[in-house]
1. Which of the strands (runs of 3 or more DSSP E) contained wholly in segment 129-173 include at least 3 residues that are of a type in the set (V, I, T)?
2. Looking only at residues in segment 110-150 that are open to solvent by 80 Å² or more (accessible area, probe 1.4 Å) and either of a type in the set (F, W, Y) or closer than 22 Å to K91 by Cβ (or both), which one is nearest to the chain's Cα centre (by Cα)?
3. Considering each residue of segment 94-109, count those that are within 20 Å of T166 (Cβ to Cβ), surrounded by 15 or more Cβ atoms within 10 Å (Cβ to Cβ) and more than 16 Å from the chain's Cα centre (by Cα), and give that number.
Amino acid sequence: MKKTLSIIALSVIGFGLVSCKKESKETAETETVAADSTANAAPAVTAPGDSAAVTPVSSETAAAPASNQPLTTVALSESNFDFGKIKKGDKVEHVYEVTNTGTNPLVISEVKPGCGCTAPDFTKEPIMPGKKGKITLHFDSSNFDGNVNKFADVFANVEKAPIKLTFTANIQP
């Protein structure tokens with residue numbers, strides 16, 4: 001019976017950790033109750049006793065891919081680019097240059113664009129200290145009119161990940 005209660009309690013905790021960013025008082029109380037009920041659960045279950053297991057996780061932290069690489073630092077040639085005026089239907093791209101300014105290899109694990117109109121390419125192999133890599137964002141303007149602002153999040157072994165790259169364009173008919 002205790003094992004069943006532990007499994008149910010873990011399910012409730014897991015649901016609270018992956019739920020939407022919007023948090024209500026009721027959700028916070030449910031997580032607290034779940035944490036209290038699992039603290040008295042069977043000794044074989046160790047995760048519920050860990051305070052990190054019941055701490056709500058922000059959507060940014062939950063979205064970040066896990067990295068076991070040692071941290072380093074990075075410098076960008078720019079973090080924002082303006083394509084200016086482009087014709088509707090044009091497919092444009094911009095290359096953001098990344099320099100590893102730290103002492104450990106820089107590993108870009110993922111680049112997540114904000115929408116399907118933007119596709120990323122990036123340096124996949126580790127970027128050694130002092131060396132440069134590239135992140136290219138390809139933008140398809142077919143479904144847009146007027147001014148647009150787009151972004152992509154870069155996940156890497158840096159302290160303040162993700163790094164946000166942005167671009168703007170004024171799409172003309």
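The values are calculated or read from the model by the stated rules, or taken from the named source; none is laboratory data. Predicted model, so just to flag it, every value in this text is computed and none were measured. Backbone-built Cβ (ideal geometry, glycine too); neighbour counts: all protein chains shown. These area figures cover heavy atoms from the full protein model, side chains too; ligands, DNA and RNA do not enter into them. Shrake-Rupley method; radii C 1.70, N 1.55, O 1.52, S 1.80 Å.
1. Numbers: elements: 132-140, 146-156, 163-172.
Fully inside segment 129-173 and qualifying: 163-172.
2. If we filter segment 110-150 for residues that are open to solvent by 80 Å² or more (accessible area, probe 1.4 Å), which is where we start, we get 116, 124-125, 128, 131-132, 134, 143, 145, 147, 149.
Remaining after also requiring either of a type in the set (F, W, Y) or closer than 22 Å to K91 by Cβ (or both): 116, 134, 143, 145, 147, 149.
Values: G116: 16, K134: 19, N143: 25, D145: 28, N147: 25, N149: 19 Å.
Result: G116.
3. Summing the residues that are within 20 Å of T166 (Cβ to Cβ), surrounded by 15 or more Cβ atoms within 10 Å (Cβ to Cβ) and more than 16 Å from the chain's Cα centre (by Cα) in segment 94-109 gives 4.
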